[in-house]
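What follows is a short report on a single structure.
The values are calculated or read from the model by the stated rules, or taken from the named source; none is laboratory data. Everything quoted here is computed from the prediction, not taken from an experiment. Every residue, glycine among them, receives a Cβ derived from its backbone with ideal geometry; neighbour counts consider all protein chains shown. Ligands, DNA and RNA are excluded from the accessible area calculation, which covers all protein heavy atoms including side chains. Shrake-Rupley method; radii C 1.70, N 1.55, O 1.52, S 1.80 Å.
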Amino acid sequence: MKKSTFSPTQIVAILKEYESGVTAAEVVRKHGISQATLYNWRKKYGGMEVSELKRIKALEEENAKLKRMYAELALDHQLAKEIIAKKL
C-alpha cells in the first residue's frame with residue numbers, strides 16, 4: 001500500500017480548509033491532489049481532529065501487524081498438523 005505524502009495534521013488542515021467554504025477545485029490545485037483523493041479523505045476523515053486521526057493510523061498499523069502475526073501462526077499450525085499426520 002502506498003504511503004501518503006501528507007501527514008495526518010496536513011490532511012486535517014486540508015479538510016478544514018475545504019469545509020470552510022473554499023471550492024474543491026481550488027483546494028485540489030493548491031495542494032496538488034486529485035478531487036477523488038479529497039473526497040475520499042472527506043469520507044474517511046471528515047469531522048476528525050488531528051489526535052483522532054493519529055490514533056486511527058496507529059490502530060490500523062497495529063491491526064495490520066496482528067493480521068500478519070496470525071497468518072504466520074496459522075501457517076505454522078497447519079504445517080505442524082501435516083507433520084503429525086505423516087508420523088501417524
Top-ranked residue of segment 9-25 - restricted to ones that are touching a residue at least 12 places away in the same chain (Cβ under 8 Å) and hydroxyl-bearing (S, T, Y), ranked as nearest to R42 (Cα to Cα): Y18
Residues being in a helix (DSSP H, G or I), under 15 Å from S7 (Cβ atoms), among the hydrophobic types (A, V, I, L, M, F, W, C) and touching a residue at least 12 places away in the same chain (Cβ under 8 Å) - total across segment 31-69: 3
Please enumerate the residues belonging to segment 5-30 that are assigned to a loop (DSSP other than H, G, I, E, B) and either open to solvent by 50 Å² or more (accessible area, probe 1.4 Å) or closer than 23 Å to E52 by Cα (or both). T5, F6, S7, S20, G21, T23
Looking at the structure I just gave you, is V12 in contact with a Leu (Cβ under 7 Å, 6 or more places away or on another chain), modelled with pLDDT under 95 and more than 17 Å from E60 (Cα to Cα)? yes
Every residue in segment 31-45 that is open to solvent by 40 Å² or more (accessible area, probe 1.4 Å) and touching a Leu at 6+ places or on another chain (Cβ under 9 Å), please. H31, R42
